[in-house]
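Derivation of every value follows stated rules applied to the coordinates shown; laboratory data play no part. It should be emphasised that the depicted structure is a prediction, and the values quoted were computed from it without experimental measurement. Note that each Cβ is placed from the backbone with ideal geometry, even for glycine, and that neighbours are counted across all protein chains shown.
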Amino acid sequence: MSKYIATRAIRGSNALVTEAEFMLQKALNEKGPDAKVEFPNTAYYLPLTLGMMGLEVETLGQLNDVLEHARKLLHPVPSSRRWTPYLGETLDAGMATLLAAEAIEAIRYVYGLQPEPFPGFQLAGGTAFFGANGSTGEKGLENHLNGPIDDIQLRSWGIQLVDGRMPGFAAIVGAAKSNEVAVKIVRELQKRNILTFLCGNVNGRSIIDQLVEEGVELGYDTYTVPFGRDTLSAIYALGFAVRSALTFGGMKGGQARDILLYNRERVFAFVLALGEVDDLKYAAAAGAINFGFPVIADTVIPEILPTGITKYEHVVSMPFNEIEGNDDFERAERLVQKCIEVRGVKVKIADVPVPVPYGSAFEGEVVRKADMRIEFGGKHSRCFEYLQMVPLDEVVDGKVEIVGPGFEQVASQGSMDLGIVVQVAGRQMQTDFEPVLERQIHYFINGASGIQHIGQRDIAWIRVSNAAAEKGFNLEHFGKILHARFKTDFGAIVDKVQVTIFTVPEKIQEWLAVAREAFDFRNKRLADLTDNKVEEFYSCTLCQSFAPDHVCVVSPERLGLCGAYNWLDCKASFSINPTGPNQPIKLGKLIDPIKGYWTGTNDYAKVGSHGQVQEVAMYSIMENPMTACGCFECIVMLIPEVNGVMVVSREDTSMTPAGMTFSTLAGIAGGGLQTPGVMGVGKFYLVSPKFISADGGFKRVVWMSSNLKETMAEEFKAVAIREGDPDLIEKIADERSAATVEDLMVFLEEHNHPALVMEAMF
Ligand code: SF4
Ligand code: ZN
């Protein structure tokens, strides 16, 4: 342990706690102890404080307790003659720093100073989603940085964190040697799909400024989140880490040790300090080390070798100019590689031969009309994609053929018709896997920087940006991407992949007809694929890396609660990886067809949940409902007063008739526990005939978030007809018509909702 680091960290933490105390005193005088304190869109109060102290801070006055505790953690700066190890003291100082930093940010919120103002800045994406009509909803200027991550985003990243698509997160503090190096570092991280949090500055200049100046799109959609231009905002990264443990690990506030260990074992994060490290940065770094997150600096600082708190080294110094390499770009690349090594982040990158950066971090990029070179599909042209299984000898692996002209002749911002036909062959391939693989086209193509893909089948819509076209991106690259990714990700079931891209009208028509016939066939097959027609369901334990006792039981009529895995996906996944997270569950003897009990599912539930769950009812919310991890798309919850259930979507931040928002409800639904009356579900389960069928089915839905009603309008209409009540959806309240149980009762009476006369739910 370095005395130098201990000294500086302890000095930094003393200064910060004192500053926080001073700010709090001032705020108490000006705003009073009852002034409300909160971070937006989270149910976890001040998450770090909640996690470490178990304290639910809601008012300024409560911050007194937080700072008192922080002060107790402080130690005097080591004297010049002492030779004892300082690790314990340094770690305590780190924790004190984090508590004080969170308190200061909370006070800044009271004054409207967070998220940090940044005139002219626009966040990429955020909660924007693609509407049912394919609209992309471009957002206006926001003029501020991101601030803390909201719970919705944390949950929607959940599945990527657990399935390894997002291998970890990096907190960058400071500023890079040059703008070019800043961009290179971030691109290297994006390429590996590592979530990157940006904060801090060196002499007033932040990596955020550098990236904004270079026109790098920052925001949730590009895995790069600008917290703030000072070191303090790094606290949001640790708040995110705490919430991962609370959201997915089923831990409760106050379980400090468990939360820290959880992060050390499961959250692959590190801190990259760019530029000079001051006392406060040392202090904050000491805070991160508590979580098992190592710190890598690109300047000369003393190192801290392994002691067990982090997996490998705690602090690593890699002075930028001394890194081997021909130029700064190579040095930046090596620096990122080092970070990954030190934290032991498992990264897999597909080697995709395209002239633009490639990785999941680019999946969410939006190509705006003004930046567009060309589009396929959308308003002015047609684009379809179709994946077909063919015999092995009919495919030439790696062949990419363009039938028709490229887009070079089309005017800038123009459009053209396009058909993408992917033919795959493999001994393990089955026709049932066609839609599973075809759905991947969306993610694979979107991974290229500067390319935007929306939709599927015959309503696909692809945009190529000017920047990508200038770098030489052309039609052939669609084929190259698809070949590379299908071979890398699905190599166990596809041996050969051939891609043909059509731009001539006759050929497009011809293949569109073939594709549509296949789509029809698949639709019928899916409609036919019911729970009573199969011998086995599938387990999914992917989320156990984060929620150790949770299992999804996936049946043809009930997909996983994250919405990402249906029965066919699980079946394909089992073929690809027979020892992986999706195992067939032989149904065995049917015990109860109404509630959905089989000997096989019950036996599996016990084993899969490590004894936490004894039985699981596939079709009931009231009796032994399925457990939830943290990444559910919706929460279904009983509202006893009206004999029905409400369905709250992850995107809905408004108040529900249960008196809680989604975030608060999620705390009750998650954690791998069975809670009768509460269930996390995938949104397509809502339209399944087996949706809580033991409890009365879809007619029990009395309240539903409006964004669900809108985005799934057609599906719900069909359900209403199936249920024999074509106006059913209009009888269901939402946040616009009822925010309390009283309002809800009035609404349901007025609209004559069927649940009011159904038999009692319990
Ligand atoms: Fe997690 Fe269930 Fe989705 Fe599997 S299906 S990834 S266990 S939520
Ligand atoms: Zn999950």
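Using 17 Å as the cut-off for backbone N distance, which residues of region 365-400 belong to the label zone defined by a point 7 Å from the Cα of A411 along Cα→Cβ? Counting backbone N atoms under 17 Å from the label point, the list is 369-376, 379-381. Packing, taken as the mean count of other beta carbons within 10 Å per residue, orders the peptides 611-617, 698-704, 513-519 from highest to lowest as 698-704, 611-617, 513-519.
Legend: calculated FRET efficiency, N577 to E56, from the Cβ-Cβ distance at R0 = 35 Å, rounded to 0.05, equals 0.25.
What whole-number volume per residue, in cubic angstrom, does the convex hull of the C-alpha atoms of the chain give? Spell out each step's value before the answer.
Numbers: hull volume 125.8 nm³, N = 762.
Per-residue hull volume (Cα only) is 165 Å³.
Restricting attention to region 149-343, close to 10% of DSSP beta bridges with both partner residues there are antiparallel.
Rank-order 553-560, 403-410, 252-259 by packing density, defined as the average count of other C-beta atoms within 10 Å over each peptide's residues, highest first. Could the numbers behind the result be given before it?
Details: 553-560: 24.5, 403-410: 13.9, 252-259: 16.4.
Averaged packing, sorted descending, gives the order 553-560, 252-259, 403-410.
The slack between I591 and K72, meaning 0.36 nm per residue of separation minus the straight C-alpha distance, is 181.0 nm. Database remark: amide H of I374 closer than 5 angstrom to the amide H of Q413, V464 (H placed geometrically; neighbours at sequence offset of 5 or more, or on other chains; Pro and chain starts carry no H).
I'd like to compare 451-459, 750-758: which one has the highest average count of other Cβ atoms within 10 Å, and what's the full order after that?
Numbers: 451-459: 19.2, 750-758: 15.9.
Ranked by mean Cβ neighbours within 10 Å, highest first: 451-459, 750-758.
Label zone of E651 (point 7 Å out along Cα→Cβ, amide N under 17 Å): in region 691-720 this covers 704-717. What the Cβ-Cβ distance of F762 and Q614 gives, at R0 = 22 Å and to the nearest 0.05, is a FRET efficiency of 0.65. Each Cα pair under 8 Å and six or more residues apart adds its sequence gap; the mean of these over the residue count of the chain is a relative contact order of 10 percent.
State the extension gain, in nm to one decimal, for the chain segment bounded by I323 and K379, taking 0.36 nm per residue of separation less the distance between their alpha-carbons.
Numbers: separation 56, 0.36 × 56 = 20.16 nm, distance 5.05 nm.
Full extension from I323 to K379 adds 15.1 nm.
Site pair T599 and Y312 shows an inter-label distance of 5.0 nm when each label is modelled 7 Å from Cα along Cα→Cβ.
With respect to the cross-link table entries K191/K480; K36/K252; K379/K496; K184/K399; K533/K595, which display a Cα-Cα separation exceeding 28 Å?
Details: K191/K480 17 Å; K36/K252 23 Å; K379/K496 34 Å; K184/K399 32 Å; K533/K595 17 Å.
Check vs 28 Å cut-off fails for K379/K496; K184/K399.
Per the Debye formula on identical point scatterers at the alpha carbon atoms of region 572-727, with no solvent, log10 I(q)/I(0) at q = 0.14, 0.15 Å⁻¹ is -0.76, -0.86.
With a cut-off of 19 Å on the backbone N, the residues of region 516-560 near the modelled label site 7 Å out from Q428 along Cα-Cβ are 538-542. Remark: spin-label model distance N752-R165 equals 4.5 nm, labels positioned 7 Å along the Cα→Cβ axis. Note: relative contact order over region 3-110, using C-alpha pairs below 8 Å and six or more positions apart, is 43 percent. The three principal axes of the Cα atoms in region 149-343 give end-to-end lengths of 47, 37, 29 Å, sorted in falling order. Computing FRET efficiency as 1/(1 + (r/R0)^6) for R525 and L305, where r is the C-beta to C-beta distance and R0 is 41 Å, gives about 0.10.
Calculated from DSSP H runs of 4 or more alone, at -39500 (n - 2.57) each and per residue, what is the 222 nm mean residue ellipticity of the chain, nearest 500? Before the final figure, lay out each step's value.
Values: 22 runs with 267 residues, N = 762.
For the chain, the value works out to -11000 deg cm²/dmol.
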